[in-house]
Amino acid sequence: MTYVAKPKLHHPTLAKNKVGYTRRDYEGKVSTLCAGCGHDSISAALIQAFWELDIQPHRVAKLSGIGCSSKTPDYFLGNSHGFNTVHGRMPSVLTGANLANRELIYLGVSGDGDSASIGLGQFAHVMRRGVNMTYILENNGVYGLTKGQFSATADKGSKAKKGMINADAPVDTVSLALLMGATFVARSFSGDKKQLVPLVKAAIAHEGAAFIDVISPCVAFNNHPGSTKSYDYVREHNEAVNRLDFWPSRDAITVDYSEGGVIDVPQHDGSIIKLRKLDSSYDPSDKINAVSHIARAAEKGEVLTGLLYLAPDAEDLHAHLNTYEAPFNRLGEKELCPGAGMLEKINAAMR
Amino acid sequence: MKRIEALNDFVVKFANVNGSGSASANELFAKSFLRMGIPVSPRNIFPSNIQGLPTWYEVRVTERGWLGRRGGVDLMVAMNPQTWAQDVKEIEPGGYLFYDNTKALPQGRFRDDVHAIGMPLTEICNQTYTDSRERQLFKNIVYVGALASLMDIEPGVIAELIGEQYKGKEKLLKPNLNAFQMGYNYAGEKLKGVLGLKVKRAYGVGDRIFMEGNAAAALGCVYGGATVCAWYPITPSSSLAEAFQRYCSKLRLDPATGKNKFAIVQAEDELASIGIVTGAGWNGARAFTATSGPGISLMSEFIGLAYFAEIPAVIIDVQRGGPSTGMPTRTQQSDVLACAYASHGDTKHVLLFPEDPHECFTMAADCLDLAERLQTPVFLMTDLDIGMNQRLCKPLEWDDSRQYDRGKVMTAEMLEAGKEFGRYLDVDGDGIPFRTYPGTHPTKGAYFTRGTSKNPYAVYSETGPDYQYNMQRLLKKHDFAKTLVPKPVLTPANEPARFGCIYYGSTSPSMTEALEALAARNIFVNALRIRAFPFQDEIFDFCQSHSKIFVVEQNRDAQLRTLLVNEAGINPASLISILHYDGTPITARYITREISESVSALNVRPIKRDKAA
């Protein structure tokens, strides 16, 4: 698909969202990933989510690390600024960018090598700080660009394409994010757009550190029998704890509440997350319960998906730091410089 | 026995135990001279330790205003039994040893050529105080009182300083004043005339201020408009970030809302610190980090990305000796090359070298302008000697008409007006492209930021010509930086001079003093203080016009000399290194001796005054 240029002209009848954009306005360059790559499905889900949320593309900043997944921000939201940073260090760059301008929407895109191997430290600390962002981990358990080495999320006992068996324990990114203080934690599957799109929308609306681990099979190096990150394996072992509907504002709620097991979770920005329980024993507002549930599912070889944790009282880094309302990048000497008169006083105190 | 007699010109060294509360008493002592109009230059020599290890505080009292370390000690205040032998050894012949004689010491512990002044400090404190911590703390104030009496320090000056220190803490004010008076009275009665080091009110201080370089650099960042600071604790830079926090909490609160117009993140490591700074710079906020050598090593990957992706970042490197702990609490200028060439690929960075707190302030603000104008990492190369010691310097200055130079930022209006935007396109011939902040315009000016593989319009490209265009443009930009960075400062000799001397940073006060000492020996040297890299043409011309140039540095490998050879094309045979790197600050005595020896080894007869043109 790499060789076919995308037509620039859009069909005049394409539907527009509330801010006047068609879905195609949320696309980016043509993907250079392998045909069938799970990451491209995630890009498509992101395009869908931003379009449906009526967010102007240029109000989004996309940041990524290094790897196949980290290349994808070039393939969606072509009118957004993007930053392909340092391997494993996207979280710190995103933190700095967020501090500089709190008005934009921050999307972090990373992979399992990027977040769980080289970048495990920054992954943990960005969650601790509660940076307001949507952090998507495109998890395939394998290094693509360097051709097929295991990453730190590969399950113990899973088999590499070349036949090696992984002996190391896997890093479970959702449990880690939960324990480190992320206030929105979900897991999904690139092959399940119905589940993924509402999760992404809810994560974007969430004001705090939102993390989605998306199992995203690597068709080139990790889609064979013996892999626990293949399309077949994930489809067979996917255990969704809930289904999510996302309502952009309180006014728009028109569903009937008659069906059992639906919980409304209002968000700071006025939107509502509606959770439809699939597993009646699962309570996503109970952190301790969530951790043990995830661990138990992993024991059984199940891939637990859905909204795994949502803190009711999330706060973000700007709240913690009590920062000024206007973006820092718009402040000049008038707002920032204490002036010569003050300096005279400071001098006087040092004599 | 010889007896050193000196007025307003001597060195006192305090040998203390870390954590014994001596620091504030010693600072009180140092400041009392300033209040009497006598310049003073104190230095902390401290261990990697919180409590128990030896620590020293050296005070040079100098009416002439020589602010470098002199070397040698005229009066040792020996309060630490652990280091007694080494402390006693350091005293100049005819000098003085002030000690606690509560317990008698064997004669063998003293020196025949040093005057011992004993005072029963422990006994006095034990009699006066019951609490063990008070006994310890007030002992320090008692000896300051005694020294004040012995040296003729005006007691009113110390009372005033104590008053300022404990303003609003009446509970502490009175006991401190009492302790001071107790020491003062004891020495006045029992130790009359034993010390030949005296002070007399003078007028050598003027309007100068007494400040640590780290605090000054932090304040420079406040004035220069830094809003984001990310850092990881590392000696000797930690107090810089802490000072930024302190100043911001007073100077950067929005009066209406009480909200902070700053954000400080103590990151998990230096990789995250520089990552946060890079992200903030990319998004248009002024950001800096403060660190030291090992931090620079960790930051190197990011520094390369910021260089290639052309993102403003300010890195303040408070230099110290090498890795691990121990020597790292001692000063050095040993990160020059690590910073000049930090990272992978072909990289060169802009460095500024402040000489004192005054320049730490000015240059920190300048660095923030330069980083945005040049869209690149800029380093402020200070060191422990400047950073963690209070230094007498010119008052800090700020021009209220000064505007921040935000560099070439393309706005929505410019894009709307149809101005061409190429993120990596050289439009003005200075190598500096325009940038846009994220979120500027719905359809124009967005780009994808990458390290290397891009064309002038930030479109992915792996072609050779695109890469070379970019690399040549970066070189042009680096060259253009010469027109923006602070120029070198020339101190011409009073007589025609064949020799030149190049120095930088904290070497400055000792160099100034050495130049006078050399002139007194009829060795005339033109001196050039380098204040920035890349090197301007003036530096090349200076080297060309002298047959030999001494390059004075506080590192082992003559790092600035290497940079002069590499980057200014100076003939290495003309550069003679004078290197000092034992962890103590370089002294005028050392520079004078080394240059004198070198000059005589070069077999050059000093120019006679009467034969000079």
B:Arg208 passes all but one of (1) surrounded by fewer than 24 Cβ atoms within 10 Å (Cβ to Cβ); (2) touching a Cys at 6+ places or on another chain (Cβ under 8 Å); (3) facing chain A (nearest Cβ under 10 Å); (4) within 27 Å of B:Gly321 (Cβ to Cβ); which number fails? (4)
What number goes with the only condition from (1) within 14 Å of chain B (Cβ to nearest Cβ); (2) under 24 Å from the mean Cα position of the chain (by Cα); (3) open to solvent by 50 Å² or more (accessible area, probe 1.4 Å) that A:Lys334 does not pass? (2)
Take B:Ala280 and decide whether it is assigned to a helix (DSSP H, G or I), more than 25 Å from B:Thr440 (Cβ to Cβ) and at pLDDT 95 or above. no
For the stretch B:226-248, give me each residue that is buried (at least 24 other Cβ atoms within 10 Å of the Cβ) and either small (Gly, Ala, Ser) or on the phi > 0 side of the Ramachandran plot (or both). B:Ala226, B:Ala230, B:Ser237, B:Ala241
May I ask you to verify whether B:Gly326 is more than 14 Å from every other protein chain (Cβ to nearest Cβ) and open to solvent by less than 10 Å² (accessible area, probe 1.4 Å)? no
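Filter the stretch B:32-64 down to residues that are outside any strand (DSSP E or B) and of a type in the set (S, T, N, Q) and give me whichever is least open to solvent (accessible area, probe 1.4 Å). Lay out the reasoning, then the answer.
Of all residues in the stretch B:32-64, those outside any strand (DSSP E or B) come to B:32-39, B:46-53, B:63-64.
Then drop every residue that is not of a type in the set (S, T, N, Q), which leaves B:32, B:48-49, B:51.
On the way: B:Ser32: 0, B:Ser48: 56, B:Asn49: 48, B:Gln51: 134 Å².
Among residues in the stretch B:32-64 that are outside any strand (DSSP E or B) and of a type in the set (S, T, N, Q), the one least open to solvent (accessible area, probe 1.4 Å) is B:Ser32.
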Inside the stretch B:354-395, the number of residues satisfying the requirement of being closer than 12 Å to B:Gly213 by Cβ and more than 14 Å from chain A (Cβ to nearest Cβ) is 13
In the stretch B:260-270, is there at least one residue being of a type in the set (S, T, N, Q), within 8 Å of chain A (Cβ to nearest Cβ), open to solvent by 10 Å² or more (accessible area, probe 1.4 Å) and not in a helix (DSSP H, G or I)? yes
Can you pull out the residues in the stretch A:337-351 that are at the interface with chain B (Cβ under 7 Å from one of its Cβ atoms) and part of a loop (DSSP other than H, G, I, E, B)? A:Cys337, A:Pro338, A:Met350, A:Arg351
So B:Leu564, is it hydrophobic (A, V, I, L, M, F, W, C), closer than 30 Å to B:Pro377 by Cα, open to solvent by less than 10 Å² (accessible area, probe 1.4 Å) and outside the structural domain of B:Gly72 (by TED's automatic domain parsing): yes
Take A:Glu299 and decide whether it is out of contact with any Leu (no Cβ under 8 Å at 6 or more places or on another chain) and at pLDDT 75 or above. yes
Evaluation of B:Gly284 against (1) within 10 Å of chain A (Cβ to nearest Cβ); (2) in contact with a Leu (Cβ under 8 Å, 6 or more places away or on another chain); (3) not hydrophobic (A, V, I, L, M, F, W, C) (one fails), failing number: (2)
Unmet criterion (only one of (1) open to solvent by 10 Å² or more (accessible area, probe 1.4 Å); (2) out of contact with any strand residue (DSSP E or B) (no Cβ under 7 Å at 6 or more places or on another chain)) for A:Ile165: (2)
Inside the stretch A:1-101, counting only helices (runs of 4 or more DSSP H) that do not spill past its ends, which hold 2 or more residues that are of a type outside the set (Val, Ile, Thr) and away from chain B (no Cβ under 14 Å)? A:38-52, A:68-71
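Residue-wise test of (1) under 15 Å from the mean Cα position of the chain (by Cα); (2) buried (at least 19 other Cβ atoms within 10 Å of the Cβ); (3) among the charged types (D, E, K, R).
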| site | (1), (2), (3) |
| --- | --- |
| A:Glu27 | no, yes, yes |
| A:Gly36 | no, no, no |
| A:Ala49 | yes, yes, no |
| A:Asp54 | no, no, yes |
| A:Ser64 | yes, yes, no |
| A:Met90 | yes, yes, no |
| A:Glu103 | no, no, yes |
| A:Leu107 | yes, yes, no |
| A:Asp112 | yes, yes, yes |
Quick check: is even one residue across the stretch B:65-84 surrounded by fewer than 18 Cβ atoms within 10 Å (Cβ to Cβ), in a loop (DSSP other than H, G, I, E, B) and modelled with pLDDT of 95 or more? yes
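Starting from residues that are of a type in the set (A, V, I, L, M, F, W, C) and modelled with pLDDT of 95 or more, keep the ones in the stretch A:311-331 and report whichever is farthest from the chain's Cα centre (by Cα). Spell out how you get there, then give the answer.
Of the stretch A:311-331, the ones of a type in the set (A, V, I, L, M, F, W, C) are A:311, A:314, A:317, A:319, A:321, A:326, A:328, A:331.
If we keep only those that are modelled with pLDDT of 95 or more as well, we get A:317, A:319, A:321, A:326, A:328, A:331.
Values: A:Leu317: 17, A:Ala319: 21, A:Leu321: 23, A:Ala326: 25, A:Phe328: 25, A:Leu331: 30 Å.
Step by step, filter the stretch A:311-331, then rank; the result is A:Leu331.
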Read through the list (1) surrounded by 19 or more Cβ atoms within 10 Å (Cβ to Cβ); (2) in contact with an Asp or Glu (Cβ under 6 Å, 6 or more places away or on another chain); (3) away from chain B (no Cβ under 14 Å), then give the number of the only condition that A:Tyr324 fails. (3)
Within the group A:Ser281, A:Ser292, which residue is surrounded by fewer than 19 Cβ atoms within 10 Å (Cβ to Cβ), over 21 Å from the mean Cα position of the chain (by Cα) and farther than 16 Å from A:Ala186 by Cα? A:Ser281
Of all helices (runs of 4 or more DSSP H) completely enclosed by the stretch A:129-237, which ones contain at least 1 residues that are polar (S, T, N, Q) and at pLDDT below 95? A:193-205
Test for A:His81: is it surrounded by 24 or more Cβ atoms within 10 Å (Cβ to Cβ) and of a type outside the set (A, V, I, L, M, F, W, C): yes
Among the listed residues A:Pro7, A:Pro57, A:Pro12, A:Pro73, identify the single one that is at pLDDT 95 or above and farther than 16 Å from A:Ser110 by Cα. A:Pro57
How about the stretch B:87-177: which helices (runs of 4 or more DSSP H) wholly inside it have at least 2 residues that are within 28 Å of B:Arg35 (Cα to Cα) and small (Gly, Ala, Ser)? B:132-151, B:155-165
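Scan B:Leu172, B:Leu191, B:Leu197, B:Leu219 and give me the residue that is open to solvent by 30 Å² or more (accessible area, probe 1.4 Å) and in contact with a helix residue (DSSP H, G or I) (Cβ under 9 Å, 6 or more places away or on another chain). Break it down into steps so the answer makes sense when it comes.
On the way: B:Leu191 fails: open to solvent by 30 Å² or more (accessible area, probe 1.4 Å); B:Leu197 fails: open to solvent by 30 Å² or more (accessible area, probe 1.4 Å); B:Leu219 fails: open to solvent by 30 Å² or more (accessible area, probe 1.4 Å).
Criteria check complete, one pass: B:Leu172.
The values are calculated or read from the model by the stated rules, or taken from the named source; none is laboratory data. These numbers come from a predicted model, not from an experiment. Heads up, the Cβs are rebuilt from the backbone with ideal geometry, glycines too, and the neighbour counts pull from every protein chain shown. Accessible surface is based on the protein model in full, side chains and every heavy atom, while ligands, DNA and RNA are left aside. Shrake-Rupley method; radii C 1.70, N 1.55, O 1.52, S 1.80 Å.
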